[in-house]
Amino acid sequence: MSNSFRNASPEVCPHCPLSHDRREFLRQAGLATMGALIMVGVPPGLAATTRPTRVSARSRRNRNPTYPIPAQDGVQIDHDNDVILVRWKNAVYAFNLSCPHQNTALKWSPTDAEFQCPKHHSKYQPDGTFISGRATRSMDRFSVERVGNDIVVNVNAMHKNDVDRAGWSAAAIVLTGAE
């Protein structure tokens, strides 16, 4: 791009109510978008992309993310906190996002109703139990606590089923059928 083109001022239309300043336009467009999202809320179909209050990686070890109890069976992946929240057959689990084999981010396959590691093809049931592949253990679970209608995930308490079988098994919230 030539300097003369880059430095050229845009033509100003005295009849146009819009600002010709790019930054101001982007700021106003962002504010309008945020306002619209606040007004309509987040549709239930997008629950898998919702995220709790943002926590930086640096402060993650000092804060425990909180999530509403999922209304139905399914998976929510929170990349900011490296947490997978799962509701499956009247239980809620929180898993480490990383595959226990070589720390690759796991993916959820809704078609197969299983987690898969894209690197070495390990597979896991929705409750984190190992099915097949190179991994040698089930997915790592975080301790979870129910507080009212929320699930609090203790990211400082991770349980590996091959080392802490009792802790791994206890790291779940059992729901009644009506919840």
_Verdict on N81 being of a type in the set (S, T, N, Q), in contact (Cβ under 8 Å) with a residue 24 or more places away in the chain, part of a loop (DSSP other than H, G, I, E, B) and crowded, with 21+ Cβ neighbours inside 10 Å_ = yes
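Residues are listed down the side, and each one gets a yes or a no for (1) under 23 Å from R134 (Cα atoms); (2) modelled with pLDDT of 95 or more:
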| site | (1), (2) |
| --- | --- |
| D80 | no, no |
| I84 | yes, yes |
| N90 | no, no |
| F95 | yes, yes |
| C99 | yes, no |
| Q102 | yes, no |
| A105 | yes, no |
| P118 | yes, no |
| H121 | yes, no |
*When both residues are 6+ apart or on different chains and their Cβ atoms are under 9 Å apart, which pairs have a first residue that lies in region 102-124 and is under 14 Å from V86 (Cα atoms) and assigned by TED's automatic domain parsing to the domain that holds V86, and a second that is of a type in the set (D, E) and part of a strand (DSSP E or B)?*
W108/E114; Y124/E114
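From the list K123, K119, pick out the single residue that is surrounded by fewer than 18 Cβ atoms within 10 Å (Cβ to Cβ) and under 20 Å from R165 (Cα atoms).
Values: K119 fails: under 20 Å from R165 (Cα atoms).
Sole residue among the options that is surrounded by fewer than 18 Cβ atoms within 10 Å (Cβ to Cβ) and under 20 Å from R165 (Cα atoms): K123.
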*Which members of region 61-105 meet the condition of being under 15 Å from M139 (Cα atoms) and among the polar types (S, T, N, Q)?*
N96, S98, Q102, N103, T104
*asked:* If I filter region 148-167 for residues that are of a type in the set (S, T, N, Q) and free of Cβ contacts under 8 Å to residues at least 40 places away in the same chain, do I get at least one hit?
replied: yes
*asked:* Just the residues that are surrounded by fewer than 16 Cβ atoms within 10 Å (Cβ to Cβ), closer than 22 Å to N81 by Cα and among the hydrophobic types (A, V, I, L, M, F, W, C), please, taken from region 158-179.
replied: A170
_Of all residues in region 112-149 being of a type in the set (G, A, S) and part of a strand (DSSP E or B), the one that is farthest from D73 (Cα to Cα)_ = S132
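The values are calculated or read from the model by the stated rules, or taken from the named source; none is laboratory data. Model, not experiment: these values are computed from the prediction. Using ideal geometry, Cβ is built from the backbone for each residue, glycine included, and neighbour counts are taken over all protein chains shown.
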